[in-house]
1. Return yes or no: is residue 251 among the aromatic types (Phe, Trp, Tyr) and within 22 Å of residue 99 (Cα to Cα)?
2. Residues being polar (S, T, N, Q) and in a strand (DSSP E or B): count how many of those fall in region 139-176.
3. Quick one: residue 116 ticks every box in (1) farther than 21 Å from residue 154 by Cβ; (2) in contact (Cβ under 8 Å) with a residue 12 or more places away in the chain bar one, so which box is it?
4. Of the conditions (1) surrounded by fewer than 20 Cβ atoms within 10 Å (Cβ to Cβ); (2) more than 16 Å from the chain's Cα centre (by Cα), residue 112 clears all except one; give me its number.
5. Give the residues of region 161-190 that are of a type in the set (Lys, Arg) and touching a helix residue (DSSP H, G or I) at 6+ places or on another chain (Cβ under 8 Å), sorted by residue number.
6. Checking residue 226 against (1) buried (at least 23 other Cβ atoms within 10 Å of the Cβ); (2) at pLDDT 95 or above, which single condition isn't satisfied?
7. Looking at (1) open to solvent by 60 Å² or more (accessible area, probe 1.4 Å); (2) under 26 Å from residue 94 (Cα atoms); (3) assigned to a loop (DSSP other than H, G, I, E, B), can you tell me which one residue 133 breaks?
8. Within the set of pairs 6+ apart or on separate chains, which have a first residue in region 58-77 that is open to solvent by 10 Å² or more (accessible area, probe 1.4 Å), a second that is among the basic types (Lys, Arg), and C-beta atoms under 9 Å apart?
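The values are calculated or read from the model by the stated rules, or taken from the named source; none is laboratory data. Keep in mind that this is a model prediction, so the values were computed, not measured. Cβ coordinates were reconstructed from backbone atoms using ideal geometry, including for glycine residues, and neighbour counts include every protein chain displayed. We work out accessible area using only protein heavy atoms, side chains counted, and drop any ligands, DNA or RNA first. Shrake-Rupley method; radii C 1.70, N 1.55, O 1.52, S 1.80 Å.
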Amino acid sequence: MRITVVGSINLDFVASAPKLPRAGETVTGAELARHPGGKGANQALAAQRLGAEVFLIGRVGRDAMAEEALALLLADDVDAGGVVADAEAPTGVALIAVAPDGENQIVVAAGANHSAFPEQLPQRIETPLILQLELPIETVEAAVGRATDFVCVNLAPAQPVSDQLLRRADLIVVNETEAAFYGDLLHHGGGRVVVTLGAAGAVMYQRGAEIARAAPPRVRAVDATGAGDCFVGAICVALLEGMEPEAALRFACAAGAVAATRPGAQPSMPTRDEVEERL
């Protein structure tokens, strides 16, 4: 199975703190780590480790952070032939604060991701396609328009998109906050819609009617960063392999749960064996 991912690539600076700060509050005693991240890169690595062959299209800076941001992708044989080094914009950065229970706060400086324009895309995308909304919307819309196979759109972070994109998607994935932002628009097309519910699992809909629901295995969460991206990569792999909706949700929930037990976004992505062991 070959999948194309069009999406963001970041380097994450993660501060593990005793608690998350309130507005205006300074929290001390944190420990700092650096991990590869970005929703596109995270989803690409998740799908690759779960059994797909992934081709990634994205953009990084021509700087030292780019090497770090791409390190795990290259180590796991993700095809980064579609990644361009921007001569002017820096590699994207995410600043992440993580509490002991795994909850987090994230601020993203997009950098080169905002320079990933439609001209970087191939004229036709003939493999299954996964996208998110951390690149310019015009690029996301263009990629969907050039796709000839299965299309999954993770509508994150939530922002206005065209009705054409929503109708073209074979699979839409959102969390509860994003689902509230889009409302009934999510169900105007004929594709499937998955709403993730954190520790409560996920629900799949088609034309507004619930068709499947699953809960994750119980785990001790360490860092939720990247768990949602892991879910996206996993649900796509499962459905493309022909799993029925409920089995696909169970598989994806288990993958996301395993990811939440480890720190960092990409370092936490599980292998196929690890997910099947949880199941």
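1. Values: among the aromatic types (Phe, Trp, Tyr): yes; within 22 Å of residue 99 (Cα to Cα): no.
Considered against the rule, which asks whether it is among the aromatic types (Phe, Trp, Tyr) and within 22 Å of residue 99 (Cα to Cα), residue 251 comes out as no.
2. Going residue by residue through region 139-176, those that are polar (S, T, N, Q) are 139, 148, 154, 159, 162, 164, 175.
So of that shortlist, the ones also in a strand (DSSP E or B) come out as 154, 175.
So the count comes out to 2.
3. So residue 116 meets the others, but not (1).
4. (1)
5. We begin by selecting, within region 161-190, every residue of a type in the set (Lys, Arg); these are 167-168.
Matches in region 161-190: 168 only.
6. (2)
7. The single condition residue 133 does not satisfy is (1).
8. 65/34; 68/34; 76/49
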